[in-house]
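Visitor: Please see the structure below; I have some questions.
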Amino acid sequence: MLAKEIRFIERFKAQASHAAQVQSRVKKLDKIEKLEPPRRRRTLTFAFPPMPRSGEDVVKLAGVGKAYGSKVIYDNLDLMIRRKERWAVMGVNGAGKSTLLKLVAGEIAADAGTVTLGASVRLGYFAQHAMELLDPDKTVYETLEEAFPLASVGTLKSLGGCFGFSGGDIDKICRVLSGGEKARVVMARLLFDRPNLLVLDEPTNHLDLATKEMLLTSLRDFEGTMLFVSHDRRFLSALSNRVLELVPEGIHAYGGGYLEYVARSGHEAPGLRA
Ligand SMILES: Nc1ncnc2c1ncn2[C@@H]1O[C@H](COP(=O)(O)OP(=O)(O)O)[C@@H](O)[C@H]1O
Ligand SMILES: [Mg+2]
């Protein structure tokens, strides 16, 4: 309506015969409160840049022990993660999911035993609180530029675009970003770094639906190895081909994906959200 009225005014404003009509339309338009139309966020699918191939043995935990004070989380844990396996780690709150991911990512050290990453493993770790570690004073663009100083302006802009930062959004400083936007910046930086082992701790918690879809599509095509925690059924079922269940008695490893786990165990993951 606005566009139509403006066209009318533009067309007839110089003609005396229409002066009254033009006047009344200008007045009418002035009275209308004008809102910015909601911008549709375009999400392009992010394609992984080619990554180096890792060896067949990607992560090996041997006799791993980990306790916080007197609280024992792992005792004599053995686990082998091989190339192209995608392990979904499940367990109730406090079961030790994040602790396992931190051990693999090298964020914390084991009290006993060894955690070994295989040859040519390139780790990408998304911590449960990764968004809090962004420099609040840097813009989205500067954050990406700092991580990839050799990438061209165009490359970084299209990377931002894939993660929903189109137009001026890429020049926003991280301080003003929402939780979901911060998660998108972290994810863009992580995935563009050509990891072949992704360790993701609840990556979808702050993501909006469109970004979740985009991430799911990208991760489906990921050629590497994954160890992840998610409470999202679609992520679990679409991405996992192995399940590691943390229970009070210890760990259960399932050789199939999440759907097989559900079929065999007769129940879903604890804490599933949708
Ligand atoms: N740095 C720490 N100091 C003391 N206790 C911790 C620390 N980190 C985790 N814990 C405890 O260890 C247990 C496992 O934590 P975590 O691995 O984060 O569980 P999950 O990710 O499965 O919810 C929880 O009881 C938690 O409170
Ligand atoms: Mg956790």
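Visitor: Taking the Cα-to-Cβ direction at Arg234 and at Ala62 and moving 7 Å from each Cα, how far apart do the two end points lie in nm?
Guide: My value for the distance between the label points is 4.2 nm.
Visitor: Please give the helix 209-220 orientation as an angle from the longest Cα principal axis of the chain, in degrees from 0 to 90, rounded to the nearest 10.
Guide: The answer is roughly 50 degrees.
Visitor: To the nearest 20 debye, what charge dipole does the chain have about its Cα centre, counting +1 at the Cβ of each Lys and Arg and -1 at the Cβ of each Asp and Glu?
Guide: Dipole size: approximately 1440 debye.
Visitor: Let me ask something additional. Taking 7 Å along the Cα-to-C-beta vector as the label spot, tell me the Leu2-Asp171 distance in nanometres, rounded to one decimal.
Guide: Roughly 2.2 nm, to one decimal.
Visitor: Moving to a separate point now. Once fully extended, how much extra length lies between Phe12 and Ile108, figured as 0.36 nm per residue of separation less the alpha-carbon to alpha-carbon distance?
Guide: Values: separation 96, 0.36 × 96 = 34.56 nm, distance 7.26 nm.
Using 0.36 nm per residue and subtracting the Cα-Cα distance, I get 27.3 nm.
Visitor: May I pose another question? As I understand it, the value is the acute angle between the Cα axis of helix 179-191 and the longest principal axis of the Cα atoms of the chain; what does it come to in degrees, rounded to 10?
Guide: Approximately 60 degrees, to the nearest ten.
Visitor: For a protection proxy built on the mean count of beta-carbon atoms within 10 angstrom, sort 22-35, 246-259 highest first, please.
Guide: Details: 22-35: 10.6, 246-259: 14.4.
Most protected by this proxy first, the peptides run 246-259, 22-35.
Visitor: I've got another one for you. Under the rule of -39500 (n - 2.57) per DSSP H run of 4 or more residues, summed and divided by the residues of the chain, what mean residue ellipticity at 222 nm is obtained, to the nearest 500 deg cm²/dmol? The partial results should precede the final answer.
Guide: On the way: 9 runs with 91 residues, N = 274.
Result for the chain: -10000 deg cm²/dmol, rounded to the nearest 500.
Visitor: In addition: Compute and list, largest first, the equivalent-ellipsoid semi-axes of the range 83-237 from the alpha carbon gyration tensor, each √(5λ) rounded to a whole angstrom. Don't jump to the answer; show the numbers that get you there.
Guide: Values: eigenvalues 141, 58, 50 Å².
Values for the range 83-237, descending: 27, 17, 16 Å.
Visitor: Helix 19-31 versus the longest principal axis of the chain: what angle, 0 to 90°, nearest 10, using Cα atoms?
Guide: So the helix axis and the longest Cα principal axis differ by about 30 degrees.
Visitor: Name the most mobile residue of Leu197, Leu244, Leu177, meaning the one with the largest mean-square fluctuation, in a Gaussian network model of the chain with Cα contacts below 10 Å.
Guide: Comparing Leu197, Leu244, Leu177 in the GNM, the peak value goes to Leu177.
Visitor: Determine the percent antiparallel among the DSSP beta bridges restricted to the chain, to the nearest 5.
Guide: Details: 19 of 35 bridges.
Close to 55 percent.
Visitor: Could you give log10 I(q)/I(0) at q = 0.14 Å⁻¹ for the range 166-274, computed by the Debye formula over C-alpha point scatterers of equal weight, without solvent?
Guide: One equal scatterer on each Cα of the range 166-274 leads to -0.63.
Visitor: Assuming a ≥ b ≥ c are the square roots of the Cα gyration tensor eigenvalues, decide whether the range 1-104 counts as rounded (a/c under 1.5), prolate (otherwise, with a/b larger than b/c) or oblate. Before the final figure, lay out each step's value.
Guide: On the way: a/c = 8.67, a/b = 3.40, b/c = 2.55.
Because a/c hits 1.5 or more and a/b exceeds b/c, the range 1-104 counts as prolate.
Visitor: Here's another thing I want to ask about it. When all C-alpha to C-alpha distances in the range 203-245 are sorted into bins of 10 Å, what percent of pairs does each bin hold, rounded to whole numbers?
Guide: Values per bin, smallest distances first: 27, 61, 12.
Visitor: Any chance you could run the full-extension gain for Lys28 through Glu142? It's 0.36 nm times the residue separation minus the Cα-Cα distance, nm to one decimal.
Guide: On the way: separation 114, 0.36 × 114 = 41.04 nm, distance 4.44 nm.
Contour length minus the Cα-Cα distance gives 36.6 nm.
Visitor: OK, next. Please work out the Kirkwood hydrodynamic radius for the chain, using every pair of different C-alpha atoms, and report it in angstroms with one decimal place.
Guide: After inverting the pairwise mean of 1/r, the radius is 21.4 Å.
Computed from the coordinates by the stated procedures, all read-outs in this text should not be read as laboratory data. No experiment lies behind these values; they were computed from the predicted model shown. A quick note on method: Cβ atoms are made from the backbone with ideal geometry, for glycine too, and the neighbour counts reach across all protein chains shown.
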